[in-house]
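Here's the structure we're looking at; comments come further down.
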Amino acid sequence: MKDKENGDDSFQPKDKPSTGVEPKRETPESPKAGPEGATPSAPIAIEKPKAAAAVEQRGDADGSPSSLGDHKPGTDEANPRVAAKSVSTKRPQSFFGERPLPAIEMAPRVLRYRSRRDFLLFGTGALAALAGGAFLLPQDTLGRLGMRRNMDSPGTEWFLNKALRIDDDVAEALYSGNRRVPTYTTSQITPLKNNYNGATPDPGYISGWNLTLDGLASGLGISLDIRNLTSRFSVQEQITRLVCVEGWSAVAWWAGLRFDDLIRAYPPMSQAKWARVESSVNLDASGNPDPYFMSLDLATARHPQTLLATHFNGQPLTVDHGAPLRLLVPVKLGLKNVKAITRITYVAEEPRDYWAERGYSRYDGI
């Protein structure tokens, strides 16, 4: 009863009498798994990290420290933290890998406001697009759509010409005399069709053909026949692609004199910036005379790949391809490549252009 009064009944055996000598008190061992009624630390028998087990074993029922209470941080405690870090480490995601969409929370009131605003903006844009389309479409098309209002045709034409002019200005700004179009080999040559705007002229004009030069620095007009051109100037050859505004293209082998060589031999007047190139033998679809004329800026005329071609695929030009002399400008669309040239005139202001007067671009660069 003495032990009980002293409050020392935690580990004293009940079946042994007191001898007056206090038995040596043993350090309590770690609790082991046992039946019901075991202390709360009993679940340590389940596999747990050692550090967690040490924490649970630091105190006994009477508050005295256990043998594990003096355990110093070491490998056993560090390992769980290392393991936690290794588990939480994420593999670096590829730059092009798919990323999950972030969740966006938004108040219903804000969502309703934004939805209404977006709907109004979309409706306004749709009405503006419809009005713009009605402004630009031809009157016949508008009539088929049930819109009988007569739109301002001059205003429409002005707007379209302005837009087309901006495109020409950008293409002209990007032009460089040092940039050349790709060249090809003979194995890459493809068929080139006869693509006259109208009917193919009768070859009878070839015997009396000559090239007239006007607007020269000398103030005189000069007439040259095909012999003058082929004998005085060196022949240049190139295999380049001819690109048509209709959407097709062909690789062909051309030979002739450089336009720049002709300009050097017969200089234009000092203020000249343009060349008007024309063919008086051109015909319309019915076979009636329909002179073809085209504007070419002198910067493009001096391009090293701009030729006055006399040969096609190793043979003199045929009527189908513009005999006896045609313009070849690989940096321009095909409509600038005048067949059967009869006159070149140098001028200071941009001259008339056959297709520009019919609504096409004037510059036609590629």
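The values are calculated or read from the model by the stated rules, or taken from the named source; none is laboratory data. What you are looking at is a predicted structure, and each value in this text was computed from that prediction instead of being measured. Please note: Cβ atoms are built from the backbone with ideal geometry, for glycine as well, and neighbour counts cover all protein chains shown. These accessible areas exclude ligands, DNA and RNA; they are computed on the full protein's heavy atoms, side chains included. Shrake-Rupley method; radii C 1.70, N 1.55, O 1.52, S 1.80 Å.
Do we find that residue 349 is more than 25 Å from residue 225 (Cβ to Cβ), under 39 Å from the mean Cα position of the chain (by Cα) and either modelled with pLDDT of 95 or more or assigned by TED's automatic domain parsing to the domain that holds residue 195 (or both) in this structure? Walk me through it before giving the result.
Details: more than 25 Å from residue 225 (Cβ to Cβ): yes; under 39 Å from the mean Cα position of the chain (by Cα): yes; either modelled with pLDDT of 95 or more or assigned by TED's automatic domain parsing to the domain that holds residue 195 (or both): yes.
Judged against the criteria, residue 349 is a match.
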Residues (in contact (Cβ under 8 Å) with a residue 60 or more places away in the chain and surrounded by 11 or more Cβ atoms within 10 Å (Cβ to Cβ)) located in the range 181-196: 181, 184, 188, 189, 190, 192, 194, 195, 196
Among (1) open to solvent by less than 20 Å² (accessible area, probe 1.4 Å); (2) assigned to a loop (DSSP other than H, G, I, E, B) - the single one residue 350 does not satisfy: (1)
Yes/no for residue 332 being in contact with a strand residue (DSSP E or B) (Cβ under 7 Å, 6 or more places away or on another chain) and either small (Gly, Ala, Ser) or within 19 Å of residue 205 (Cα to Cα) (or both): no
Test: residue 256 is within 24 Å of residue 187 (Cα to Cα) and surrounded by 20 or more Cβ atoms within 10 Å (Cβ to Cβ): yes
Those residues of the range 198-220 which are open to solvent by 70 Å² or more (accessible area, probe 1.4 Å) and under 21 Å from residue 340 (Cβ atoms), in sequence order: 202, 203, 207
